[in-house]
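Structure, as structure tokens:
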Amino acid sequence: MADKQAELTVGGENYSFPTLEGSCGPDVIDIRKLYGNTGKFTFDPGYKSTASCESALTFIDGQEGVLLHRGYPIGQLAEHSSFMEVSHLMLTGELPTKDELDEFTHTITYHTMLHDQMRQFYQGFRRDAHPMAIMCGVVGALSAFYHDSTDISDPEHRKISSHRLIAKMPTIAAWAYKYSVGQPFMQPLNSLSYTGNFLRMTFGVPAEEYEVIPEVERAMDRIFILHADHEQNASTSTVRLAGSSGANPFACISAGIACLWGPAHGGANEAALNMLREIGTPDRIPHYIERAKDKNDPFRLMGFGHRVYKNYDPRAVVMQKTVREVFDALKVKDPVFETALRLEEIALSDPYFQEKKLFPNVDFYSGIILSAIGFPTTMFTALFALARTVGWVAQWNEMISDPGQVIGRPRQLYTGPTQRDYVPVSER
Ligand code: CMC
């Protein structure tokens, strides 16, 4: 604990609050006794100045553009690690030894199948359902299929449900895609990697062998690593809040998926590529830059800006590099990449974006890669959900394991009518 005290004067009375020190980042003022001592709440919609929990998983320094998972920089993990290793790291706190990695990978591989009745569950959706609608429904429905891992007070149940969620998410997402294109669902194949399996379940068909292209598998795995966790973002906070009531993990992750869907969060990757395609050619960029700056126009540059990063998002750096690698491996080119590079250049030299510290975020380039691999834009956010599941379950586990955990229950500044008497309808 930091020995600094924060002094607050309310209505002429002085109060003192302790400050707490983390291992990195700013100290926090512990205001848990604020209401009890002063009778006042704090007001912080959007949590711009509020730490909602204690966590040892992910650290972001938004000013410097730093992202660490359990202390490891995201650039190093993206370069040298694999999604399975990072998943182990997030869940246990340490990178696995070779044996631990083999065991963990084996466990995840042997949980990838879905209960066979879930096939029928898919049939209930319209063919044109958005994959995120299917993901919300199917993941929530897992709680109706896996009763043997929903006792959240049992660490073994929590572990099994975490493994199930990480393992089944690729199958669920791939089947959402298959359903939309009217192709047969592909079952997982245990000889493939986590990511190779996902690619095969998405793009393979039972009529022929599917060949996993190693460069694409690696790029996809890297995209999963880049999305694995991101501290207390909106969907993670949603998972924590849902879980704080004691709800089962499948229901909590489904809540997280719902939150991720929005265009200000995970939906931005879909919106960013749609925007780049709408801009089309570099000569049209100035018009869109002017629109983004116009207060009377709701248009924003999608894939730009971040609540925490006031510098280049370190994930966007890796994404930009990965675009070139995927283009080379697939021998494709997409003119939209040139438009994106030029848009970035123009925006970063514009005083509006400089003053507001708006830089490309993870979503700016990811859609270009995913599109080159063959995913329709509607699948982008589903892929984000797939990868973020490890972060969600790690955060949820961390919260439930904390002996001091209590239900999340924010307060409010009430601005509605004061008490008044009911008037019968005949007298209104
Ligand atoms: N284009 C134009 N202006 C912007 C943009 C943008 N993309 N982002 C923020 N601004 C302006 C905004 O109008 C505001 O201006 P002013 O101070 O004059 O009112 C100022 O910058 C601050 O914006 P804010 O909305 O108060 O900032 P925030 O921290 O609440 O929002 C954000 C962060 C990510 C929601 C926002 O930057 C945004 O809407 N970006 C586009 C959507 C996007 O790319 N989202 C993906 C986020 S990263 C992936 C993830 O974590 O899910």
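The values are calculated or read from the model by the stated rules, or taken from the named source; none is laboratory data. As the structure is a prediction and not an experimental result, all values here were calculated from the model. Glycine gets a Cβ as well: all are built from the backbone with ideal geometry, and neighbour counts include every protein chain shown. Surface areas here come from the heavy atoms of the whole protein model, side chains and all, with no ligands, DNA or RNA. Shrake-Rupley method; radii C 1.70, N 1.55, O 1.52, S 1.80 Å.
Details
- Close Cβ contacts (under 8 Å, 6 or more residues apart or on different chains) running from residues in the range 342-359 that are open to solvent by 80 Å² or more (accessible area, probe 1.4 Å) to residues that are at pLDDT 95 or above and polar (S, T, N, Q) are absent.
- Test: residue in the range 120-140 that is open to solvent by less than 40 Å² (accessible area, probe 1.4 Å), in the same structural domain as A268 (by the TED database), of a type in the set (D, E, K, R) and touching a residue at least 40 places away in the same chain (Cβ under 8 Å): no
- For I368: the one exception among (1) within 12 Å of the ligand (Cβ to nearest atom); (2) open to solvent by less than 70 Å² (accessible area, probe 1.4 Å); (3) assigned to a helix (DSSP H, G or I): (1)
- Residues satisfying the stated conditions in the range 247-295, i.e. away from the ligand (no atom under 16 Å from the Cβ) and assigned to a loop (DSSP other than H, G, I, E, B): A247, N248, G280, T281
- Residue that is within 11 Å of the ligand (Cβ to nearest atom), assigned to a helix (DSSP H, G or I) and at pLDDT 95 or above, where the choices are A394, A347, A382, A387: A347
- Note on the range 164-212: residues that are farther than 18 Å from T112 by Cβ and assigned to a loop (DSSP other than H, G, I, E, B) amount to 7.
- Inclusion of E215 among residues that are not in a helix (DSSP H, G or I) and not aliphatic (A, V, I, L, M) is not warranted.
- Here E94 fulfils each of the conditions (1) part of a loop (DSSP other than H, G, I, E, B); (2) crowded, with 17+ Cβ neighbours inside 10 Å apart from (2).
- Residue list for the range 218-261, restricted to those being in contact with a strand residue (DSSP E or B) (Cβ under 6 Å, 6 or more places away or on another chain) and either open to solvent by 20 Å² or more (accessible area, probe 1.4 Å) or more than 23 Å from I60 (Cα to Cα) (or both): E231
- Where a residue in the range 63-81 is closer than 13 Å to I223 by Cα and at pLDDT 95 or above and its partner, wherever it lies, is outside any strand (DSSP E or B) and polar (S, T, N, Q), with Cβ under 8 Å and at least six apart: none
- Residue within the range 296-318 that is within 18 Å of F375 (Cβ to Cβ), more than 9 Å from the ligand (Cβ to nearest atom) and without any contact (Cβ under 8 Å) to a residue 24 or more places away in the chain present: no
- Extreme residue, modelled with the highest pLDDT, among residues of the range 9-25 that are outside any strand (DSSP E or B) and more than 16 Å from S55 (Cα to Cα): G12
- Pairs with Cβ under 8 Å, 6+ apart, first in the range 399-420 and within 21 Å of K159 (Cα to Cα) and among the aromatic types (F, W, Y), second assigned to a loop (DSSP other than H, G, I, E, B) and open to solvent by 100 Å² or more (accessible area, probe 1.4 Å): none
- Answer residue from the range 96-119, given it is hydrophobic (A, V, I, L, M, F, W, C) and without any contact (Cβ under 8 Å) to a residue 24 or more places away in the chain and is farthest from W392 (Cα to Cα) among those: L101
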